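The values are calculated or read from the model by the stated rules, or taken from the named source; none is laboratory data. Because the structure is a prediction, the values reported are computed rather than measured. Here the Cβ positions follow ideal geometry from the backbone for every residue, glycine too, while neighbour counts run over all protein chains shown. Calculation scope for accessible area: heavy atoms of the full protein, side chains included, ligands and nucleic acids excluded. Shrake-Rupley method; radii C 1.70, N 1.55, O 1.52, S 1.80 Å.
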Amino acid sequence: MNLNIFLLVIMTLAALWTVMARSLLKATMGLAITSAILTILIFRMASPLAAVFELSVCTGLITVVFVSTISMTKPLTHKEIIEASKDRLKRFWYLPVIMILAAIGLCFLKIPGDIKPALSTGTMDVRNVLWNLRQLDMFGQVIIIIAGALGVAILFKERKDEP
Amino acid sequence: MSLNLMQTFSIFGFFIILLFIVGTYCLVVTRNILRAVIALEILIKAVTLLLIVVGYITGNVALAQSLVITVIVIEVVIVVIAGGIALSVFRHNDDLDVRRLQNLKG
């Protein structure tokens, strides 16, 4: 349990660093670290399949997508970076304060832990749940992936009149 | 439900709420499209952790894992589409500022 708490603290700090980082690349790296720590937590919660998905897709693929998107945009000049960081600092310095206040408030507020499951899958295997119990959802998932692929094809399509 | 599991949920719930605060604050305050997507990612991470913890303490690990896999698939599609939109906006405005989206027709 102590290791879980340690990982949760590190993950929250990584998330905080992600949103407060000056450069977009550093923010992306922070997001990857957050995902990696979440993977360890998921693995410790007896969910190895979800952990593998989280590690390969969220830590790997999404980071690559972000880095490629950032590399296709124009980098800021040194003067612009300094101005943007000052502006960001002005808007984001409230966040640590809000987090500390929320943490203090949550210490006094008791989070109810008694949850009753609406549906019990008991000893079922994850593959059984995915392919038998959630068959209709799988169709939806396939449609979402196709929609995503079509969206990317449309968005990244070069115009004919463009050089 | 045992006291230990209830305590586990309370501890995880505490940090999940903090993650939600981080994501929501960034989403509200940021002016950069890519940072908004990163904030959305953090919110999705909080949801993923909540699903896994609830599955663990209620004994529905298989259902929680299958739901998390669905969430991850949707997350990837969202990020890729949002990245494409951000690039299109950048080509159009030479900037990723969301305030400049108001200049669009429609």
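Sites count as exposed loop sites when they are trypsin sites (Lys or Arg not before Pro), lie in a DSSP loop, and have at most 14 other Cβ atoms within 10 angstrom; the longest stretch of chain A without one is A:23-109.
Let me have the relative contact order for chain B, percent, based on Cα pairs under 8 Å that are six or more residues apart.
After rounding, I find 27 percent.
From helices alone, chain B scores -29000 deg cm²/dmol at 222 nm; the rule is -39500 (n - 2.57) for each run of n ≥ 4 DSSP H residues, then divide by the residue total. At a threshold of 40 Å², the residues of the stretch A:75-116 that become less accessible to a 1.4 Å probe in the full protein assembly than in their chain on its own are A:ARG91, A:PHE92, A:LEU95, A:MET99, A:LEU106, A:ILE111, A:GLY113, A:ILE115. Take every Cα-Cα pair in chain B and report what % of them are more than 15 Å apart. I get 69 percent for the Cα pairs in chain B exceeding 15 Å. Roughly speaking, to the nearest percent, how much of the protein assembly as shown's 1.4 Å accessible area is carbon and sulfur? The nonpolar share, carbon plus sulfur, comes to 71 percent.
Farthest toward the dipole's positive end in chain B, which of B:GLY83, B:TYR56, B:SER10, given Cβ charges of +1 (Lys, Arg) and -1 (Asp, Glu) about the Cα centre? Value: B:GLY83.
Axis angle, to the nearest 10 degrees, between helix B:61-93 and the longest C-alpha principal axis of chain B: 10 degrees.
Helix B:33-58 and the longest principal axis of the Cα set of chain B meet at an angle near 10°.
Taking each of A:LYS26/A:LYS79; A:LYS74/A:LYS157; A:LYS26/A:LYS86; A:LYS26/A:LYS74; A:LYS90/B:LYS45 in turn, the alpha-carbon distance tops 23 angstrom for A:LYS90/B:LYS45.
For chain B, the per residue solvent-accessible surface stands at 40 Å², with DNA, RNA and ligands left out and a 1.4 Å probe. B:TYR56 contributes an accessible area of around 80 Å² to the protein surface, as traced by a 1.4 Å probe with all chains present. Distance distribution P(r), the stretch A:1-137, all Cα-Cα pairs, bin width 5 angstrom from 0: 2, 8, 11, 14, 16, 15, 13, 10, 6, 3, 2, 0 percent.
Applying a length cut-off of 24 Å (Cα extent along the axis) and a mean Kyte-Doolittle floor of 1.0 to the DSSP H helices of chain A leaves A:2-20, A:24-44, A:135-155. For the protein assembly as shown, the equivalent ellipsoid built from the Cα gyration tensor has semi-axes of 34, 25, 14 Å, listed from largest to smallest. Between the residues A:GLN141, A:VAL57, A:ALA84, the greatest Cα displacement towards the positive end of the dipole of the protein assembly as shown, with unit charges on the Cβ of Lys, Arg, Asp and Glu, is found for A:ALA84. The 1.4 Å probe gives accessible areas that order A:LEU8, A:LEU133, largest first, as A:LEU133, A:LEU8.
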